[in-house]
Amino acid sequence: MRLSRKAFLLLLAASFGFAASPKISRDLATVPADRQVSVIVRYTHQPEARHHARMTRQGGKLNRALDLVHSAAYTLPVSALADLENDPDVEYVAPDRPVAATLDYANPAINAGIARQYGWDGSGVTVAVIDSGIMDSHPDLQAPGGASRVVYAESFNLTEGNDYFDRYGHGTHVAAILGGDASQSTGSQYTRTFWGTAPKVRFVNLKVLDRNGAGTDSMVIAAIQRAIALKNTYNIKIINLSLGRPVMESYTLDPLCQAVEQAWKAGIVVIVAAGNEGRNNTKATSGYGTITSPGNDPYVITVGAMKDVKTLSRGDDQMASYSSKGPTLFDQIAKPDIVAPGNKIISAIPTGLALTNSYPGNKVANGYYIRGGTSQGSDYYFELSGTSMATPMVAGAAALLLQKQPGLTPDQIKAKLMKTASKSFPASSVATDPVTGKVYTVTYDLFTVGAGYLDVWAALNNNDSISATKKALSPAVVYNSALKKVVLTNGSNIVWGDTGLGLNIVWGDTVLRANNIVWGDNIVWGDSTMSGFNIVWGDNIVWGDSTPASELLSLAINGER
């Protein structure tokens, strides 16, 4: 017998001595009463000294103020949760959950090389990279003359102290995909050159992940808070978040989602990895419903991963089978929004960091890009896979759009990127796990490829007039049992058109990304079949209690064939 969600929570409450409450995140119900727990408490208004004092009296400790979302991070005994539940100033309590990190032929695949030839290189745009730090000693991240393009750096990870340099390697790899200038692979002695998408952007380095690639929600929120505060000082236009963690509640309650929304509303484009859970079948959903937080938020641009298969043509590119699929849990938001190359991406990492030490086989052989080079691993370039790598591709594209049109709003950027994304896909493809040899079939539907495959040159040449007041929230979907079709909800988040889009706008089992969903005169989504229908809304319902939490580390390092 399958327990209802309510019955399950009541059973947990009986076992652990704490009753589930609308104010208290349900996963706190599983913590024994004699334990300490790290939480984020959201108040109905900005928390005051008296709120912190009350926590201290309960045996708690203030870890960090999170004024951006009217919250504070505390460590406190589980017994204090009952007091929070009864406090009228408390709106919601969530665990301070852990987050983790989730260029070769990829640039031609997204037409970034054409853009660079015409002078679009990200000049004048600053991107906040919230990750494991940036090792700006790498020449590809420096301006001519050797000056760092990192204009501000700060660590928010308490275990790293004031060390804002990258000791893991992930953040540097991400930054160079976004804005590496290929200085260590440019010249007559090189046979291949590894450009970033926007090679003249500046960086704000906000470190939240430690040397093992781990951090927490409160660290990320504090970094987002700092990016907003520094927005005008450094002209921060974009935040790149190549990290995430399982979805545990609606985005309207999730403190991480609330923070990215505040950045978006402050005029910063927020671009987030979809997650690497597309192969996760623990809930018999074939990887559907596995988008991670904060990629489940309808404001942000959520990015899935493609394989560029190491050819110059984009026509043979395929989806990476590990790329997380929508719709999102709890809210059923159509995600990802767009896909970009993310498999076996070569980018800059100096030697001697945790990833290069642990996976020396992923160092790019010198002979791969240096004329007359050997099989020895490079001290400058490294290969990684995952939606973490696809995300800075899109962030770089956003930087190019903002270089061309500095006044574009985040919603205008999102609309342009989604509308101009290529919608030419096969019906399906297969992928092979490089370790196990297991074969996976990928279907190209809305919840896998979103609005399509990033095309930088098409986005730069899109001249549609876009209202600055329009919003581009990713739409929610719902199963209409009477019609037996999947339809867009007729709510405030449906803003692609000029009027409400009701039940006549259908994906269903015949039409995907309905071809009458338009913004202006162009189609945002394509019109291929929605073959994920029976999996998502059939007998195996994806609306479980949370997304799976497997890390798929091997895939994130090695990619797939």
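Test LYS471 against the criterion of being of a type in the set (D, E, K, R) and outside the structural domain of GLY287 (by TED's automatic domain parsing), and give yes or no. For LYS471, the condition - of a type in the set (D, E, K, R) and outside the structural domain of GLY287 (by TED's automatic domain parsing) - is met. Applying the selection to the range 140-165, what residues are farther than 19 Å from THR126 by Cα and β-branched (Val, Ile, Thr)? Correct list: THR159 only. Of the residues making up the range 446-500, those that are modelled with pLDDT of 75 or more and either of a type in the set (S, T, N, Q) or in a loop (DSSP other than H, G, I, E, B) (or both) number 21. If the condition is being assigned to a strand (DSSP E or B), among the polar types (S, T, N, Q) and surrounded by fewer than 21 Cβ atoms within 10 Å (Cβ to Cβ), then the range 120-154 contributes GLN142, SER148. Being modelled with pLDDT of 95 or more and either touching a Gly at 6+ places or on another chain (Cβ under 6 Å) or surrounded by 24 or more Cβ atoms within 10 Å (Cβ to Cβ) (or both): is that true of ASN232 here? Answer is no for this residue. For MET248, the requirement of being at pLDDT below 95 and either surrounded by 22 or more Cβ atoms within 10 Å (Cβ to Cβ) or touching an Asp or Glu at 6+ places or on another chain (Cβ under 6 Å) (or both) is met.
ALA109 meets the conditions (1) modelled with pLDDT of 95 or more; (2) in the same structural domain as GLN184 (by TED's automatic domain parsing) in every case but one. The failed one is (1).
Residues in the range 396-445 that are surrounded by fewer than 24 Cβ atoms within 10 Å (Cβ to Cβ), of a type in the set (Gly, Ala, Ser) and part of a loop (DSSP other than H, G, I, E, B): GLY407, SER424, ALA427, GLY437. If the condition is being surrounded by fewer than 22 Cβ atoms within 10 Å (Cβ to Cβ), modelled with pLDDT under 95 and among the aliphatic types (A, V, I, L, M), then the range 64-84 contributes VAL78, ALA80, ALA82.
The values are calculated or read from the model by the stated rules, or taken from the named source; none is laboratory data. Keep in mind the model is a prediction, meaning the values are calculated, not measured. Using ideal geometry, Cβ is built from the backbone for each residue, glycine included, and neighbour counts are taken over all protein chains shown.
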